[in-house]
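Presented below is the structure to which this report refers.
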Amino acid sequence: MDSGYALASVGFVVVVGVVAYAYLAGRDTHRLRQGAVLARDLREIARDDAVRLAAVDEFETTLYQRLFFASTVSPRLRSAAWALMAAVIGAIGALVTRGDGVVLTVVHGVALVLAVLFGLAALFFVVMAAFHAATTPRVSFAESYAATASAGESAPVRDTADED
C-alpha cells in the first residue's frame with residue numbers, strides 16, 4: 001500500500017510540475033508578443049529622433065532574442081515535458097497493473113509500451129531543442145557596432161562596470 005502512495009505522489013508532482021511549466025512558458029510567450037507590439041508603437045512614436053530609435057533598436061534586439069527562444073526552443077521543451085509526464089504516468093500504470101490475469105497482463109504491456117514510447121519522444125524533443133538552441137543564428141547588432149566603430153563614427157557606449 002505504501003508503494004501505491006509513493007507512485008501516486010510522484011505522478012502528482014510530475015503532473016503539477018509539467019502543467020506549471022507549460023503555463024509559465026505560455027505566459028512568457030504572451031508577454032513577449034505584447035512587447036513586440038510595444039516596440040512597434042515605440043518606433044512610431046520615436047519617428048526621426050536618433051537617440052530614441054537607438055533605444056528602440058536595443059529593446060527590439062533583446063526582445064527578438066527572447067522571441068527566438070520562445071518560438072523555436074520553448075515549444076520543443078514543452079513537448080518534451082508533456083512526453084515526460086506521459087512516460088511517468090505510463091510507467092506508474094505499468095507498475096500498478098502487475099498481476100495475474102489476461103486483462104492485467106494486456107494493460108500492463110500496453111502501459112509499458114506507452115511509457116517507453118513517450119520516454120523516447122521526450123528524449124527526441126530534448127535533442128531537437130538542444131540542436132535548435134545550438135545551431136540557429138541569433139539576432140545581434142555586434143557586427144553593426146564593429147562596422148560603425150571602424151568607419152570612424154562614435155561607437156555606442158557600453159557600461160563595463162559589471163563585467164569584472
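The values are calculated or read from the model by the stated rules, or taken from the named source; none is laboratory data. Small disclaimer: the values here were computed from a predicted structure and weren't measured. Positions of Cβ are generated from backbone atoms using ideal geometry, with glycine treated the same way; all protein chains shown enter the neighbour counts. We work out accessible area using only protein heavy atoms, side chains counted, and drop any ligands, DNA or RNA first. Shrake-Rupley method; radii C 1.70, N 1.55, O 1.52, S 1.80 Å.
Rank 100, 49 by accessible area, highest first, at a 1.4 Å probe radius?
Accessible-area ranking of 100, 49, largest first: 100, 49.
Over segment 1-138, what is the relative contact order in percent, taking alpha-carbon pairs closer than 8 angstrom and at least six residues apart?
Computed value for segment 1-138: 27 percent relative contact order.
I'd like to know how segment 76-138 sits against the 2.2 N^0.38 Å rule of thumb: what's its Cα Rg over that expected value? Working shown, then result.
Values: Rg = 15.4 Å, N = 63, 2.2 N^0.38 = 10.6 Å.
The value comes to 1.45.
Which value, in debye to the nearest 20, gives the size of the charge dipole of segment 50-142 about its Cα centre, when Lys and Arg are +1 and Asp and Glu are -1 at the Cβ?
Result for segment 50-142 is approximately 20 debye, rounded to the nearest 20.
Label residue 10 and residue 95 with points 7 Å out from Cα along Cα→Cβ: what is the distance between them in nm?
Taking the two extended label points, one gets 0.3 nm.
Compute the distance in nm between two label points, each set 7 Å from the Cα along the Cα-to-Cβ direction, one at residue 53 and one at residue 33.
With each label placed 7 Å out from Cα toward Cβ, I get 3.0 nm.
First measure r as the distance between the Cβ atoms of residue 133 and residue 20, then evaluate 1/(1 + (r/R0)^6) with R0 = 35 Å and state the FRET efficiency to the nearest 0.05.
The value I calculate is 0.95.
So how far, in whole Å, is the C-alpha centre of segment 66-88 from the one of segment 1-53?
12 Å
Taking θ = phi - 60°, what integer Hz values does the Karplus form 6.51 cos²θ - 1.76 cosθ + 1.60 yield along segment 91-104, in sequence order, with x for Gly and Pro?
The phi angles translate into 5, 5, x, 5, 6, 6, 8, 5, x, 8, x, 5, 5, 5 Hz.
Taking the alpha carbon gyration tensor of segment 1-93, what are the square roots of 5 times its eigenvalues, largest first, to the nearest whole Å? Please report the intermediate quantities before stating the final value.
Details: eigenvalues 385, 22, 12 Å².
The three semi-axes for segment 1-93 are 44, 10, 8 Å.
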